[in-house]
Amino acid sequence: MPELLTSSTADVYRSLIARTTSRVADRFAETAQPASGASRVELQQLVDAVDLTGSGIGTPSAIREIDELFLAHAVWFHHPMYAAHLNCPVALPAVAAESVLAAVNTSVDTYDQSAVGTLMERRLIELATGWAGFSAGDGVFTSGGTQSNLHALFLAREAALAMLSSPRSEAIPRLVVLATASSHFSVGKSALLLGLAEDAVIEVADDGEGRMLPSALDAALTAASAAGRVPMAVVATAGTTDRGVIDPLALLADVCETHGVWMHVDAAYGGGLLVSPRRRHLLDGIERARSVTVDFHKSFFQPVSSSAILVREPRDLAAGAWHADYLNPVENEEPNQVDKSLQTTRRFDALKLWVTLRAMGADGVGALFDEVIDLAASVGDLVEADPDLELVGRTQLSTVLFRVRPDGASPAAQDALVAGVRRVLFESGRALVAKTVIDGRPCLKLTLLNPETTLDDVRAILGMVKDAAAALAGMSADLDDALVGAEASA
């Protein structure tokens, strides 16, 4: 089979990958904006026009088609005008490693499928738990923060159930998870998947800027226990998705230890601070967590997917172990990672981080994260000084929340502009920003994860935002005048 990668097609593979990477490199060099601006109707027509049921057209033609269909209309996270979501440009050594792991196709679920790959992943987990301050921790790579959070809450559920004498069917409805309104949506989704009660996630008050209040957590835990509920976990966040703020981890750890409850730290976004040369102190207290989520495909600049769950006590991972005679029998002494993971077949994503650390060093990666945090601080100053913009709070990481306020626009009119401004920019493809809701009011969001983005680049984005808002406000005013005129003539 000439289309399979084997020893007989090694030369074909060499030529194919060279031509393919050349096409991708050309797109990187030529891309002038983060998206093409093609409409969804246009893109749907392009997709529908491809015949996926007929005879094959051959690999060279198929790759050429992908260039014209996908690469021409991809969303480019490396472009300085991309400032929407938690997507990052990726480290070159990690991209090179990605080509290796895709070709070899290692699965790190069992040792006999991966051998040295398993040992390399375990070495990286040992390193990462050390960054978190776990003296003898453990963990496993996952597909992303959602899976890592689900895994952590599964382990917390099992630990809580082990402390109760009642049957699982009676105990599970009593379990609760405590988190703030700013916690990641995967907390609520995990509660659903774990079979908890509909009211199992208890919202803890914050300081008005998204950080959990230790006093409110203490009161909520006390009230839950008094009501006959069993607190199974507290989810602290080290980098909320919107505000980019960090819960007071050390103070929350004090409360959790007093109540004897599992503390999970969702550091999917802020995990890069673990290797920051200048800001590691922002995660002080994380070493007292029972489990931690880190997304390397965010603040470590790794290609998707690359995440991990880290635990302080290796024995906690045993709660998810499941054995099969054909895969990982109990009597097998090989280090099978499936014993720790929720997945069976699993990519060797650790290789990307391994190569990145060897090429750049942990401090080098952390310095890149520091750069985007510095940029966000400068952008915050820029927004605050602009009379046409309103800064919505300050971040500890790399997000900037703001509203645009054209002359004479009421707060309601400003709110109405948010979705329209975001849509105008998205449809043009010239710049991408995000929108969200803070304290009941919509606002625009910049997520800055590109160390090559400059303050001038962001000035240009803000200029486009203000131009779009002014145009939309003018159209709205014209419509209002027309309606008033129509009512008067009637």
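So what's the net charge close to GLU158: Lys and Arg +1, Asp and Glu -1, counting the other residues with Cβ under 14 Å from its Cβ?
+3
Using only the Cα atoms, what convex hull volume per residue in Å³ does region 213-252 have?
76 Å³
Which residues among region 59-87 fall inside the zone where the amide N is under 17 Å from a point 7 Å beyond the Cα of THR6, along Cα→Cβ?
none
For region 230-301, compute Rg over Rh where Rg is the Cα radius of gyration and Rh is the Kirkwood radius from the inverse mean 1/r over Cα pairs.
Result: Rg/Rh = 0.98.
Accessible area per residue, 1.4 Å probe, Å², for the chain: what's the number?
Counting only protein heavy atoms, the per-residue value for the chain is 47 Å².
Keeping the other protein chains in place, figure out the carbon and sulfur percent of the accessible area of region 103-169, with a 1.4 Å probe.
55 percent
Keeping all protein chains in place and using 1.4 angstrom, which order do ILE125, ILE57 fall into by accessible surface area, from largest down?
I get ILE57, ILE125, largest accessible area first.
For region 276-405, what D do you get in µm² per second when you plug the Kirkwood radius from alpha-carbon pairs into Stokes-Einstein at 20 °C and 1.002 mPa s?
118 µm²/s
Take every DSSP beta bridge with both residues inside region 150-284 and express the antiparallel ones as a percent of the total, to the nearest 5.
15 percent
Using a 1.4 Å probe on the protein heavy atoms, what percent of the accessible area of region 332-490 belongs to carbon and sulfur?
53 percent
Whose amide H sits under 5 Å from the amide H of VAL176, counting only residues 5 or more places off or on another chain, with H placed in the peptide plane?
Counting only residues 5 or more places away or on other chains, the set is VAL230, MET232, ALA233.
Could you state how much accessible area LEU351 has, in square angstrom rounded to the nearest 10, with a 1.4 Å probe and all protein chains kept in place?
The accessible area of LEU351 comes to roughly 20 Å².
So, R0 is 45 Å and r is the distance between the beta-carbons of GLU371 and TYR326; what FRET efficiency does that work out to, to 0.05?
Once the sixth-power term is evaluated, E becomes 0.40.
Report ARG19's accessible area, 1.4 Å probe, all protein chains in place, as a number in Å² to the nearest 10.
So the heavy atoms of ARG19 present about 120 Å² to solvent.
How much FRET efficiency would the formula 1/(1 + (r/R0)^6) give for ALA102 and MET163, where r is the Cβ-Cβ distance and R0 is 51 Å, rounded to 0.05?
0.70
With every protein chain present, what accessible area does LEU193 have (1.4 Å probe, heavy atoms only), rounded to the nearest 10 Å²?
LEU193 has an accessible surface of roughly 110 Å² with all protein chains in place.
Given the chain, what percent of its DSSP beta bridges are antiparallel, to the nearest 5?
Once the DSSP bridges in the chain are tallied, antiparallel ones form about 60 percent.
Taking each full run of DSSP H in the chain as one helix, which ones are at least 24 Å long along their axis (Cα atoms) and have mean Kyte-Doolittle hydropathy of at least 0.5?
Sorted by number, the helices that extend far enough and score high enough are 362-385, 455-489.
For a test of understanding, tell me how many lysine pairs in the chain have Cα atoms under 16 Å apart, given they are 8 or more places apart or on different chains.
4
What ranking, highest mean first, results for peptides 247-259, 195-207 when packing means the other Cβ atoms within 10 Å averaged over each residue?
247-259, 195-207
Residues with amide H under 5 Å of VAL245's amide H, sequence separation 5 or more or different chain, H placed in the peptide plane at 1.01 Å from N; which?
Under 5 Å from the amide H of VAL245: GLY239, THR240, GLN396.
Give the calculated FRET efficiency between GLU452 and GLU334 to the nearest 0.05, with a Förster radius of 41 Å applied to their Cβ-Cβ distance.
0.40
Suppose accessible area is computed on protein heavy atoms with a 1.4 Å probe; arrange TYR82, TYR13 from highest to lowest.
Solvent-accessible surface, decreasing: TYR13, TYR82.
Only helical DSSP H runs with n ≥ 4 go in: add -39500 (n - 2.57) per run for the chain, normalise by residue count and round the 222 nm mean residue ellipticity to 500 deg cm²/dmol.
-14500 deg cm²/dmol
Please report, in debye to the nearest 20, how large the charge dipole of region 64-163 is about its Cα centre when each Lys and Arg carries +1 at its beta carbon and each Asp and Glu carries -1 there.
It comes to approximately 260 debye.
How about region 1-68: which GluC sites (Glu not before Pro) there are in a DSSP loop, with at most 15 other Cβ atoms within 10 Å of their Cβ?
Here the GluC sites (Glu not before Pro) that fit, given the DSSP loop and packing criteria, are GLU3.
The values are calculated or read from the model by the stated rules, or taken from the named source; none is laboratory data. In this text, all values refer to a predicted model and were calculated from it rather than measured experimentally. Neighbour counts are summed over all protein chains in view; Cβ atoms, including those assigned to glycine, are modelled from backbone coordinates with ideal geometry. Heavy atoms of the whole protein, side chains included, go into the accessibility calculation; ligands, DNA and RNA do not. Shrake-Rupley method; radii C 1.70, N 1.55, O 1.52, S 1.80 Å.
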